[in-house]
Amino acid sequence: MTDSSSRPWSLVYLAIAATTMATLILELALTRIFSVVLYYHFAFMAISIALFGLGAGAIFSYYLGVRRADSAIWGRLGWWSTLNVFATTLMLLVSLHPLVSGQLTARNLVLLYFISAIPFFVAGTVISLAIAEVIERVDRAYFFDLLGASGGCLLLVPLLNITGGPNTVLAAAALYGVGGALWYLAGRLPRRAWISLGLAGLTAVLVAVNTRFPVVDVRFAKGQRLDRELFSRWNSFSRVAVEADDGAGNPAIVIDGDAETSIATVFPDELGADARAALLRNGPGLPYVIRPAAKTLVIGPGGGFDVVRALASGSRNITGVEINPIIVNEVMKRRYAAPSHYLYSRPEVRIQIEDGRSYVRRSQEKYQVIQMTLVDTWAATAAGAFALAENNLYTSDAFVDYLEHLQDDGLLAITRWEFKPPRESLRVVSLGLDALRRLGAPEPWRHFVIGRENAKDLTGYGARDTVIVKRTPFAPGEIARAREAIAASGMTAVYLPDEQIPNPFTDLLRSADPGRFVREYRFDISPVTDDRPFFFYTVRTRDLVSYITAGPGTKDIKTNIGVMLLLVLLGTSLAATAIILLLPPLLLGTRVPREASVFLNLAYFFAIGIGFIMIEMSLVQKFVLFLGKPTYSLTVVVFSLLLSSGIGSFSSRGVIGGDDRRLSFALALVAVVVGVLGMVVPTVLRAEVALPMAAKCALTTALLFPAGFVMGMPFPCGLQRLEKRYPSAIRWAWALNSASSVLGSVAAIFFAIHLGLAETLYLGGATYLLALVVVAFTAKSHAAETAATVACPEVASMACSGSGD
């Protein structure tokens, strides 16, 4: 064994940090690229790919034949890290190649999965070899592992904002080159270190050039060539492009190659009375007919058509809340300011760049109209695995917020796509009913007006329902104006309080038992909450296969198929975890221990791997409303957890040492602290929503630090325990921990959809109690073996040597 005191510890720690920093940046950058090139459902597949590759690399490291006494290990790690510069670049080129991104076939998806896993496979090989080599200081090594990953969180957002998705992947490749140079320097191979640094430098130059003159870029998305784009730009949560024509003569803003919002090129002040009136003859114009010249809040104004409608009705106090700064600053205020008649710079219009729900929560104003028209992007946030269709704008808690920010005569207007039978807009009604009941409305059915456009087209994105919820019951005169406006617009009246129009909307609103109606309805239209914000999933899981395989369906399959992909990944993750647990004894022979008790020890790493990722993902989602943007939540929450966990790891030797009782206490403490977080966080965040951003970030870090600190101790302490009994199983444990994280990331989404975020958080904490049980059993087993060794050292020696003859 190499003398510990002679090792270049500083270089080793820095190399570990550089490797994990590159790996985290690459993993989350892939979520952005997959959201654009494929569909947003596939963004969380990037998490699965990353963790699968890391686990497979840990198993592969056994085949390299590197022994802890091998002084050339640092040079080998340098070679593998340098190789990852090429592997990462190759992966990017393949994922963007027209033969892959231009044809979304099963073969191409499988190819993309395994090609994308290669850089993570190499990184997993490097990290597992390094951790096994420095096991005597694993607490510090794991600290730098997490420190590098937390640094990657900080770098991710500026890299995406400044350079874009593909260039962020190339930046990760450059960091792998830096890691290779550090490993070579640790092995006293300066010439090779210069080669690795040179490759890193060349890759950095490529990033700079490609940012200015995009050559390596997205050319196909969702199987379609992007040949109509006039402009495109990335940021940390989307790729925004502008196309020349939306089909009606207006430029179109396209988000992640899919969701589209048209740029308003008309201005009411330049139109005659008839033309201004025509702007209101549609569903989104209906609230302005009922309540003209209203003080208005538009959530998700996009290209500005809702703002134009408000102006056409006489409104002179309009606030628009748009989450995407590229749409506001680059498109509407700069490149398309003149075609849009400087709409977003007019004195009557105030545009806030923020999450709409967060703005409403902190706003002290009350409005006469709050409007959301088709606000969804189908774009995965940088929150990675939580990228299905969660949306805090469409929950019953959100509707309570909206209604509380309306004046007594105020209207909440929500326009959604509709299908046959209805589901999206019917769920909007369900949310409105729940919110009104919570606010004490005695007859909620009197608070709704619903109109439909394109009633004949209910099998795709053609029919649109506008659901209007009034803070107080509709007066007869308001109902009459709504009826006249619907008829003048050629729309269909779906629901009016003074009519019994036969359809599911009337059945739900006039039902004596709405809960029973919801339970018995074909689709899931139950009200969703902030704790389970999955508005767009309307197909019950038990009906999913029959719904998707029933033949030609509606376009909401694109949303609901995400649950199908989730179930497939859940099965795949279970299989991958089982393979990593069971296959090494079959393939690696004596290179791994074969005793039955080793599996019980490995179960410990399985439990804390699942638990950590479930807790992390639940907290990321819970802090979205507080921090205002999904990207901020990802960055601050993950950074806080990784940094505090790293500090916990660094402190673990002094706090816990090798004492199983202290380790058991730490595991129990994780469950307790996580449980307290689940109960306290919602109340604290709602009370402090008006804090400035810097204070919010500081409060988030303070709330999460205790949990992260204790969560950082079990892994290094577990490795130290394992090293005493089964030193050759260290890399196996690392692989299983990665595999269980894959399973945990998918399980977190599954439980969040079906149970809720709070329950998912508590389940994550409970897995640490399972790890506590494993510690108790293995401690007894170890005590019994120790007693047997003292009583019969010869038998024990024979057992340890494997010689039973």
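Side notes on the structure shown:
- Alpha-carbon Debye profile of segment 617-680, log10 I(q)/I(0) at 0.21, 0.23 Å⁻¹: -0.92, -1.00
- Remark on Gly320: its backbone amide H falls under 5 Å from those of Val298, Arg350, Ile351, Gln352, a criterion applied only to residues 5 or more positions apart or on other chains, H modelled at 1.01 Å from N.
- Once C-alpha pairs closer than 8 Å and six or more residues apart are averaged by separation and normalised to the residue number of segment 107-204, the relative contact order reads 18 percent.
- One chain, two ends: Val545 and Glu688. Fully extended at 0.36 nm per residue, the span grows by 47.1 nm beyond their Cα-Cα distance.
- Segment 276-430: C-alpha gyration tensor shape, a/c 1.5 cut-off, then a/b vs b/c: rounded
- Helix runs (DSSP H) in the chain reaching 30 Å along axis by Cα, Kyte-Doolittle at least 0.5: 9-37, 73-96, 106-133, 138-163, 165-186, 190-212, 557-587, 597-622, 630-655, 660-687, 730-754, 757-791
- With a Förster radius of 56 Å applied to the beta-carbon distance between Leu439 and Arg219, the computed FRET efficiency rounds to 0.65.
- Rounded FRET efficiency, nearest 0.05, which uses the C-beta distance separating Leu154 from His97 and R0 of 45 Å: 0.90
- Volume per residue of the convex hull around the Cα atoms, evaluated for segment 138-278, comes out as 161 Å³.
- Share of carbon and sulfur in the accessible heavy-atom surface of the chain [1.4 Å probe, %]: 62 percent
- Stretched out straight at 0.36 nm per residue, the stretch from Thr105 to Glu229 would grow longer than its current Cα-Cα span by 42.2 nm.
- Rh by Kirkwood over Cα pairs, then Stokes-Einstein D for segment 235-285 at 1.567 mPa s and 4 °C, µm²/s: 102 µm²/s
- For segment 250-337, trypsin sites (Lys or Arg not before Pro) meeting the loop criterion (DSSP other than H, G, I, E, B) and having at most 16 other Cβ atoms within 10 Å: Arg281, Arg316.
- The slack between Glu136 and Trp9, meaning 0.36 nm per residue of separation minus the straight C-alpha distance, is 44.5 nm.
- When the inverse distances between all different Cα atoms of the chain are averaged and flipped, the Kirkwood radius reads 28.2 angstrom.
- Computed label-point distance, nm, for sites Ala244 and Ala278 using a 7 Å Cα→Cβ extension: 2.4 nm
- Computed label-point distance, nm, for sites Arg346 and Ala668 using a 7 Å Cα→Cβ extension: 6.6 nm
- A simple count of charges around Pro214, restricted to other residues whose Cβ falls under 12 Å of its Cβ and scoring Lys, Arg +1 and Asp, Glu -1, yields +2.
- With both labels modelled 7 Å from their Cα along Cα-to-Cβ, the Leu202 to Glu484 distance reads 7.5 nm.
- Per-selection metrics, segment 76-229 (Cα): Rg and Dmax in Å: 17.1, 58
- Segment 579-644 and segment 202-281: distance between their alpha carbon centers, rounded to Å: 38 Å
- Solvent-accessible surface (1.4 angstrom probe) belonging to Glu453, in square angstrom, nearest 10: 30 Å²
- Three-way shape label, segment 439-497, alpha-carbon gyration tensor, a/c 1.5: oblate
- FRET efficiency for Arg188 and Leu90, using Cβ-Cβ distance with R0 set to 25 Å, rounded to 0.05: 0.25
- Once C-alpha pairs closer than 8 Å and six or more residues apart are averaged by separation and normalised to the residue number of the chain, the relative contact order reads 15 percent.
The values are calculated or read from the model by the stated rules, or taken from the named source; none is laboratory data. Computed from a predicted structure; not experimentally measured. All Cβ positions, even for glycine, are placed from backbone atoms using ideal geometry, and neighbour counts span all protein chains on display. Remember, those area values only see protein heavy atoms, side chains included, never the ligands or the DNA or RNA. Shrake-Rupley method; radii C 1.70, N 1.55, O 1.52, S 1.80 Å.
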